[in-house]
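Asker: First the structure, then my questions, so here it is.
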Amino acid sequence: MRLLVTGGAGFIGSNFILYWFKNHPEDQVVNFDALTYAGNLENLISIEKNPNYRFVKGDIANVNEVNSAMEGVDAVVHFAAETHVDRSISGPAPFVMSNVLGTQVLLDSARKNNIKRFHHVSTDEVFGQLELDSDEKFNESTCYDPRSPYSASKASSDHLVRAYFHTYNFPVTITNCSNNFGPYQFPEKIIPLAITNVLEEKKIPIYGDGLYVRDWLYVEDHCRGIDLVLSRGKIGETYCLGGMTEDINNLEVAKKIAGLLGKDETVIEFVKDRPGHDRRYAVDFSKAKNELGWEPRHTFEEWLKTTVEWYKTNEAWWKKVKSGEYKKYYEEQYKK
Ligand code: NAD
Ligand code: TYD
């Protein structure tokens, strides 16, 4: 099989390509990525010489670039997106360009090229927020209620993907996954930001009261979920992935990271809250469990420890990432 992976130089996309070659070494993978600030080919050094791997630099919103990458492809796995909520608040336009227009351009090209499967990687953030201390969870029938420009753009892309299924009978599947963590995550997201800040003797910035809850999933579990959807998922269907952590708030996550690095709570600093900050996310993965046999395998405690170790031993990777364009972003985002 020949896969076109969009956004394969990003956090989850690069983990997915590494996972794919480990589990399906006979397949061919074309990594199509614009190499925005979040794309980093260093993540893929271990497989870059594999004859079954090819990198193509291109923008998913560019019809010609997409059309030429689509030739000979059997399935598309679509990760490419602008992904950071805070950046979507300070500048929504690139989120609409890449996440909405880019997805439509890809869908069109995939349809014209008779691609056998288009898998769209989405987020649980399209469902909005849950109340703190409620038992409620998101599932495949939860109504969409996106509240940030990021989640609104991902919601729009989900709707387009479903529209191509209903209108053109185009073979799509969608996964809506909760927050991921693991190696190669860009240190703008809270877990790698907290780890690398402590390693740099800086504070961990916690928004508002810190009592915001995310449903943390180790990235490899997400990759395995997508693999199972590709092999066993039903065309036109959506699967919610996540459900590993039971309501651990950001403050507790920061304390755990500080502890793993031999520090106490004094490394935590409360900073101004994010506008429209979603209070809580939680995912019910029963459908993925019943239909695909998927469930999370990596516990938060153990794999947070592994992730902390990864950042400790890969200082060159994140130091380079943190010294570029990101330095300016950080100064602006966390200015007092
Ligand atoms: P990321 O920001 O680390 O990587 C995004 C990648 O997409 C980068 O390599 C970037 O260069 C590329 N890209 C961006 N715009 C592009 C464009 N116009 N054309 C081509 N390439 C482009 O993102 P991530 O965290 O790996 O997320 C990947 C996907 O998974 C996204 O669609 C995101 O919405 C979804 N998702 C992420 C999480 C999470 O916790 N990170 C959870 C659920 C779903
Ligand atoms: P983030 O990693 O940006 O993912 P998302 O917003 O997509 O869930 O943020 C995770 C949680 O951490 C979210 O509740 C916002 C919070 N947060 C902080 O408290 N401080 C920070 O510096 C960042 C980036 C996030």
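The values are calculated or read from the model by the stated rules, or taken from the named source; none is laboratory data. The model shown is predicted, which means the values in this text are computed figures rather than measured ones. Every residue, glycine as well, gets a Cβ built from its backbone with ideal geometry; the counts of neighbours run over all protein chains shown. Side chains included, ligands, DNA and RNA excluded: accessible areas come from the protein's heavy atoms. Shrake-Rupley method; radii C 1.70, N 1.55, O 1.52, S 1.80 Å.
Asker: Between a residue in segment 193-220 that is over 14 Å from Val271 (Cβ atoms) and any residue that is within 7 Å of ligand 2 (Cβ to nearest atom) and open to solvent by 10 Å² or more (accessible area, probe 1.4 Å), which pairs come within a Cβ distance under 6 Å, given they are 6 or more apart or on different chains?
Answerer: Between residues of segment 193-220 that are over 14 Å from Val271 (Cβ atoms) and residues that are within 7 Å of ligand 2 (Cβ to nearest atom) and open to solvent by 10 Å² or more (accessible area, probe 1.4 Å), the close pairs are Arg214/Asn179; Trp216/Asn179.
Asker: Let me ask something additional. Of the residues Glu65, Glu82, Glu136, which single one is within 18 Å of the chain's Cα centre (by Cα) and either part of a helix (DSSP H, G or I) or among the charged types (D, E, K, R) (or both)?
Answerer: None of the other options fit; the residue is Glu82.
Asker: Considering only segment 124-180, how many residues are under 27 Å from Asp108 (Cα atoms) and in contact with a Cys (Cβ under 7 Å, 6 or more places away or on another chain)?
Answerer: 3
Asker: Filtering segment 13-23 down to residues that are open to solvent by less than 40 Å² (accessible area, probe 1.4 Å) and in contact (Cβ under 8 Å) with a residue 40 or more places away in the chain, which residue is farthest from ligand 2 (Cβ to nearest atom)?
Answerer: My answer is Trp20.
Asker: Of all residues in segment 24-60, count the ones that are charged (D, E, K, R) and surrounded by 17 or more Cβ atoms within 10 Å (Cβ to Cβ).
Answerer: Of the residues in segment 24-60, 2 are charged (D, E, K, R) and surrounded by 17 or more Cβ atoms within 10 Å (Cβ to Cβ).
Asker: Among the numbered criteria (1) charged (D, E, K, R); (2) crowded, with 22+ Cβ neighbours inside 10 Å; (3) more than 16 Å from ligand 1 (Cβ to nearest atom), which one does Asp209 miss?
Answerer: Condition (2) is where Asp209 drops out.
Asker: Any residue in segment 94-113 that is open to solvent by 10 Å² or more (accessible area, probe 1.4 Å) sitting within a Cβ distance under 9 Å of a residue that is of a type in the set (A, V, I, L, M, F, W, C) and away from ligand 1 (no atom under 14 Å from the Cβ)? List the pairs, counting only those 6 or more apart or interchain.
Answerer: Partner pairs satisfying both residue conditions: Arg111/Phe170; Asn113/Val73.
Asker: Give, as residue ranges, the helices (runs of 4 or more DSSP H) completely inside segment 146-264 that count at least 3 residues that are within 15 Å of ligand 2 (Cβ to nearest atom).
Answerer: Output list reads 149-168, 190-199, 250-260.
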